[in-house]
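What follows is one structure encoded as structure tokens, with my remarks underneath.
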Amino acid sequence: MNRIVLAEKDPKFKYDIASQPGAESFMKCFTCGTCTASCPVAEVHGEYDPRKIIRMAVLGMREEVLSSDLLWMCSRCYACAALCPQNVKFTDVVGVLRDMAVKEGYVPAARLEQARELDRAVHALRCRLIGERLHPEEGLEEEILEAVEEELRKSWER
């Protein structure tokens, strides 16, 4: 188990986050786990845990949070925000953290647009898959597979 030495962390980090629009109430989180339990990403990605990200931010783990690949896993579906008993809008907190990661040089600025493009593509694919399941007689399966292949090809070229 790794020890966290608070004297080595940034006590201002949580205030820097809370000062940003959308993240004002993030320190109200009492780690009940509702966000993680409702998160479709956490369901398929064992390491993804919104409450852990918030706890790390509160503890001042600026570098660990802002350099984490996990910030980019959020699909921005707002399931967590809809169910949070403390009204912590984790999706908005992730947006703030992503912006901070770019501004502070932890990731290239292009990462924000790449994440937006990927979110659009994933949501479009989801809608197409649901349409196929609801109306299999329309034979969209081949068209969907081609669209997925094209999106994958585009993402690998970036």
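The values are calculated or read from the model by the stated rules, or taken from the named source; none is laboratory data. What you are looking at is a predicted structure, and each value in this text was computed from that prediction instead of being measured. Note: ideal-geometry Cβ built from the backbone for every residue, glycine included; neighbour counts use all protein chains shown.
Out of E143, E63, report the one residue that is closer than 26 Å to D10 by Cα and surrounded by fewer than 18 Cβ atoms within 10 Å (Cβ to Cβ).
Numbers: E143 fails: closer than 26 Å to D10 by Cα.
Checking each option against the conditions leaves just E63.
Consider S68 against the criteria (1) at pLDDT below 90; (2) surrounded by 13 or more Cβ atoms within 10 Å (Cβ to Cβ): it satisfies all of them except one. Which criterion is unmet?
Unmet for S68, out of (1) at pLDDT below 90; (2) surrounded by 13 or more Cβ atoms within 10 Å (Cβ to Cβ): (1).
Test P85 against the criterion of being farther than 22 Å from F13 by Cα and in contact with a helix residue (DSSP H, G or I) (Cβ under 9 Å, 6 or more places away or on another chain), and give yes or no.
Details: farther than 22 Å from F13 by Cα: yes; in contact with a helix residue (DSSP H, G or I) (Cβ under 9 Å, 6 or more places away or on another chain): yes.
Yes.
Looking at (1) within 21 Å of P11 (Cβ to Cβ); (2) in contact (Cβ under 8 Å) with a residue 60 or more places away in the chain; (3) surrounded by fewer than 20 Cβ atoms within 10 Å (Cβ to Cβ), which one does D92 not meet, given that it meets all the others?
It is condition (1) that D92 fails.
With respect to A57, is the statement that it is outside any helix (DSSP H, G or I), of a type in the set (G, A, S), surrounded by 15 or more Cβ atoms within 10 Å (Cβ to Cβ) and more than 11 Å from the chain's Cα centre (by Cα) true?
Working: outside any helix (DSSP H, G or I): no; of a type in the set (G, A, S): yes; surrounded by 15 or more Cβ atoms within 10 Å (Cβ to Cβ): yes; more than 11 Å from the chain's Cα centre (by Cα): yes.
Considered against the rule, which asks whether it is outside any helix (DSSP H, G or I), of a type in the set (G, A, S), surrounded by 15 or more Cβ atoms within 10 Å (Cβ to Cβ) and more than 11 Å from the chain's Cα centre (by Cα), A57 comes out as no.
Would the stretch 69-81 turn up any residue that is under 17 Å from the mean Cα position of the chain (by Cα), farther than 23 Å from A121 by Cα and not small (G, A, S)?
No, that holds for no residue.
Residue by residue, here is whether (1) more than 26 Å from E117 (Cα to Cα); (2) in contact (Cβ under 8 Å) with a residue 40 or more places away in the chain; (3) not assigned by TED's automatic domain parsing to the domain that holds R126 holds:
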residue	(1), (2), (3)
G22	no, yes, yes
G33	yes, no, yes
V41	no, no, yes
H45	no, no, yes
A57	yes, yes, yes
V65	no, yes, yes
L70	no, no, yes
